[in-house]
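To start, the structure under review is shown below, and the notes come after it.
The values are calculated or read from the model by the stated rules, or taken from the named source; none is laboratory data. Please read all numbers here as calculations on a predicted model, not as lab measurements. Positions of Cβ are generated from backbone atoms using ideal geometry, with glycine treated the same way; all protein chains shown enter the neighbour counts.
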Amino acid sequence: MLSPPTPSIYQAPKCFVTYGTMGHVDPKQAPHRGKPWTAIVSQDFIHKVDLILPSELFDSVYQKVIETRHSPQYSKVTMTLGDILEGDFFTEYIKKGNVIMLSEGKATASSLFTLHEGTLVIYLDKEVYERAGLVGKPYGAKGGRGLRPRWVVSFDLRSPAMLRGKRGFDRLIYACKNVLNQPTTWLFSNVADSTPSPDPLQKYFPTSFTSSPGIAKDFVAVQGPLDIASETLANADRSALEEGATECYEWLSLIRLGSPRVELRDDIDPYLSRYQVPGDTEGQVSVCKLSWQGFISSVWLHRLLVDTVATCPSTAWFSLSASCFSKRISGGGDEIMILRPPAVGAKYLMWEIKVSK
């Protein structure tokens, strides 16, 4: 009998491609239903955002979108898990408000706490899980939990049952006081439009940051593919769609990196890199990139996409990408990229990169 393969933390991510219609976008009534909007808001803790567009659109987008909206703001603070569940912080930020929080640690190696949309998720190894006395479920792919079994516990802190005197909440408080009581460094971002006064966070002396946009202008590159061939869509050719989507994604990713592989006069030895821009490589395009890096919410990303769609002409293309924080020791987090192709109106092409849990 063959022995099962050794479990590995290095699981290959999966890419899901969607080609669809975005529909009319009204900034005063921003859409939330259907793709790509649901995919945008499903991103939890975003680390980096890149907006790529033709250089001729930079001035209008910068004036109408970037200068008129606030840059992402976040804080770094040291708190225990119990501090989050007590007093004005719990009432104002969790019960009434909307914040996102991410602790230090990895879901696959050490204790990790996350707070998103009022849901607290706790990742623990088996020993700490048993000492805490909480009710959870095994974490990880089936068949791959044998070496270092881990557990995940979640609580909807906005539930009416999450109050003092309720059995489930009291059990969580007990675990916070007796087991999960170590001070932890957190990233914190207030997603709501207003801040409580007085601010309960100031009690813990946070360090605040603002993610100002980084600007890279007039990057001249070989014109790459920016749409799927109409014949591919008409014939529902799955393999051709996969190939075309991969070529678009590769080119946009290299633009995002500012790679010399897409520059007009790139002469790298083919032994080191065999990449060539697909299609007619005689054309060129001048692009600019705006980048934000920090601790960013999906609400901010959603507003950026709405404003960009409303500002750019319907015949112009742009690409918006977001990379999430990794929760695994192997690195790599979820990503999303949206491309609005040129001259096709409300069509969009979207890639969702999901890391195995």
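Observations, loosely collected:
- Verdict on GLY283 being surrounded by fewer than 21 Cβ atoms within 10 Å (Cβ to Cβ) and at positive phi: no
- Hits in the stretch 203-242 (condition: surrounded by fewer than 13 Cβ atoms within 10 Å (Cβ to Cβ) and free of Cβ contacts under 8 Å to residues at least 12 places away in the same chain): SER230, GLU231, ALA234, ASN235, ALA236, ARG238, SER239
- For the stretch 327-347, the count of residues that are free of Cβ contacts under 8 Å to residues at least 40 places away in the same chain and crowded, with 21+ Cβ neighbours inside 10 Å is at least one.
- Subset of the stretch 306-316 that is of a type in the set (S, T, N, Q) and within 18 Å of PRO27 (Cα to Cα) - its residue that is surrounded by the most Cβ atoms within 10 Å (Cβ to Cβ): THR308
- Cβ-Cβ under 8 Å pairs, at least 6 apart or on other chains, the stretch 153-173 side on the phi < 0 side of the Ramachandran plot, far side among the hydroxyl-bearing types (Ser, Thr, Tyr) and in a helix (DSSP H, G or I): VAL153/TYR129
- Residue in the stretch 174-190 that is surrounded by 12 or more Cβ atoms within 10 Å (Cβ to Cβ), of a type outside the set (Val, Ile, Thr), at pLDDT below 90 and at negative phi present: no
- In the set GLY283, GLY258, only one residue is small (Gly, Ala, Ser) and in contact with a Phe, Trp or Tyr (Cβ under 7 Å, 6 or more places away or on another chain); that residue is GLY258.
- Here CYS288 meets the list (1) of a type in the set (A, V, I, L, M, F, W, C); (2) at pLDDT below 90; (3) more than 22 Å from PRO36 (Cα to Cα) almost entirely, failing just condition (2).
- Residue match in the stretch 159-175 (condition: part of a strand (DSSP E or B) and not assigned by TED's automatic domain parsing to the domain that holds ASP59): no
- Being on the phi < 0 side of the Ramachandran plot and modelled with pLDDT of 95 or more is true of LYS48.
- Exclusive hit being under 30 Å from PHE113 (Cα atoms), of a type in the set (Ser, Thr, Tyr) and buried (at least 18 other Cβ atoms within 10 Å of the Cβ), set SER297, SER319: SER297
- Helices (runs of 4 or more DSSP H) wholly inside the stretch 48-132 containing at least 1 residues that are among the acidic types (Asp, Glu) and either under 25 Å from SER298 (Cβ atoms) or in contact (Cβ under 8 Å) with a residue 24 or more places away in the chain (or both): 81-84
- From LEU241, LEU257, residue being under 30 Å from VAL41 (Cβ atoms) and touching a helix residue (DSSP H, G or I) at 6+ places or on another chain (Cβ under 6 Å): LEU241
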